[in-house]
Amino acid sequence: MIGAIASPTKIIEVPQCTARALDEVLVYTTGLAGSGDILCIIDPRPFPVRDQALAELGKTWKLRIMDRIVPNPESKDIMAMVEEARNRRPAAVIGIGGGSTLDSAKAVSMLIENPGDLDEYLGPEAARKAQARTIPLILIPTTTGTGSEVTRFGVYTARSGRKYTLNSPVLQAEVALLAHNLVADLPPALVAATGYDALTHALETLWNKNATPLSDRLAEETAAAILKSLEPAWQASVERQGSAQNANEPRTGASDPTASSAPLVDLQRAATLAGIAFNKTGTAAIHALSFILSEEWHLSHGAACAFFTQNVFDINM
């Protein structure tokens, strides 16, 4: 993935998310050796592969697990985690999950070292601006679409019910860990929704008023990779699970990625590359239009983006 050169976030790929892999990332990121408090922000649903790795990691590091996560993350939930995290400053923050979890981890890590409430940082006339963050942030995606692990953006629902995009270099993670086995058992509905999110990231980078020759090259490479891998990844998911499942059903995790999960790994890489691309430009019309579907009808972010993709594509063509 040569496009990783263009990212300020260090990207590491491993076949499996294991305690050893997490330990090595923590040692090299924090400079410590199992002697620090680590804040782990995760999806609330059981995920045995992830849970086993964290249980083993907890034998050497002092882990604090927080899982107050909902789709389209809300300020009140994030602030509940922040208040607890501020009481005992961690050596690092790890986020493991889909886009909502990674965005939540970004906000928590920022607010540990920046005062006030998340709502004060949101909106066109925000009362506060994030100044700095010294606590390392490590993000580990378990879906194939958001690209949040490599961007400076987070999307949050204020207490008013409005969704806002927060853009700050303080939200940029130091490390993104792509573990192939964490996406090997994705249900088809989630592959489709998050894959469309990644596709819109690539397309909106191309159509963006902030586009540059570098962002164009990244976006073209990414769009081609997603269009090549999205349908095979969805088909592999259907075959693995027997039939399309609801994205809210529990995932068990794959202990070891297999050849049949190769399209999902390809889509995982492409989604991260899409994040690197739109991190250069920001998003555009599809994402702006999608917010109303999330605010009023609570549709998942990826599905909301998919709803408008064809219409905005036609306009740009």
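The values are calculated or read from the model by the stated rules, or taken from the named source; none is laboratory data. Keep in mind that this is a model prediction, so the values were computed, not measured. Positions of Cβ are generated from backbone atoms using ideal geometry, with glycine treated the same way; all protein chains shown enter the neighbour counts. Accessible surface areas use protein heavy atoms only, side chains included; no ligands, DNA or RNA. Shrake-Rupley method; radii C 1.70, N 1.55, O 1.52, S 1.80 Å.
For residues in the range 164-184 being open to solvent by 10 Å² or more (accessible area, probe 1.4 Å) and either assigned to a helix (DSSP H, G or I) or charged (D, E, K, R) (or both), which is farthest from Asn114 (Cα to Cα)?
The residue in question is His180.
Across the range 40-85, which residue is most open to solvent (accessible area, probe 1.4 Å) among those that are under 19 Å from Glu24 (Cβ atoms) and part of a helix (DSSP H, G or I)?
Top of the filtered list is Gln52.
Of everything in the range 260-317 that's closer than 17 Å to Trp207 by Cβ and charged (D, E, K, R), which residue is surrounded by the most Cβ atoms within 10 Å (Cβ to Cβ)?
Lys280
Across the range 211-235, what is the total count of residues that are open to solvent by less than 50 Å² (accessible area, probe 1.4 Å) and not in a helix (DSSP H, G or I)?
The total comes to 1.
Inside the range 124-152, can you point out the residues that are over 13 Å from Thr194 (Cβ atoms), touching a residue at least 40 places away in the same chain (Cβ under 8 Å) and of a type outside the set (S, T, N, Q)?
Ala130, Ile135, Pro136, Leu137, Ile138, Leu139, Ile140, Val150, Arg152
Mind checking which pairs have a first residue in the range 295-317 that is within 22 Å of Ala158 (Cβ to Cβ) and a second that is open to solvent by 80 Å² or more (accessible area, probe 1.4 Å) and among the hydroxyl-bearing types (Ser, Thr, Tyr), Cβ under 6 Å, 6 or more apart or different chains?
Gly302/Tyr196; Cys305/Tyr196
Output the residues belonging to the range 286-317 that are among the aliphatic types (A, V, I, L, M), more than 18 Å from Arg162 (Cβ to Cβ) and not in a loop (DSSP other than H, G, I, E, B).
Ile286, Ala303, Ala306, Val312, Ile315
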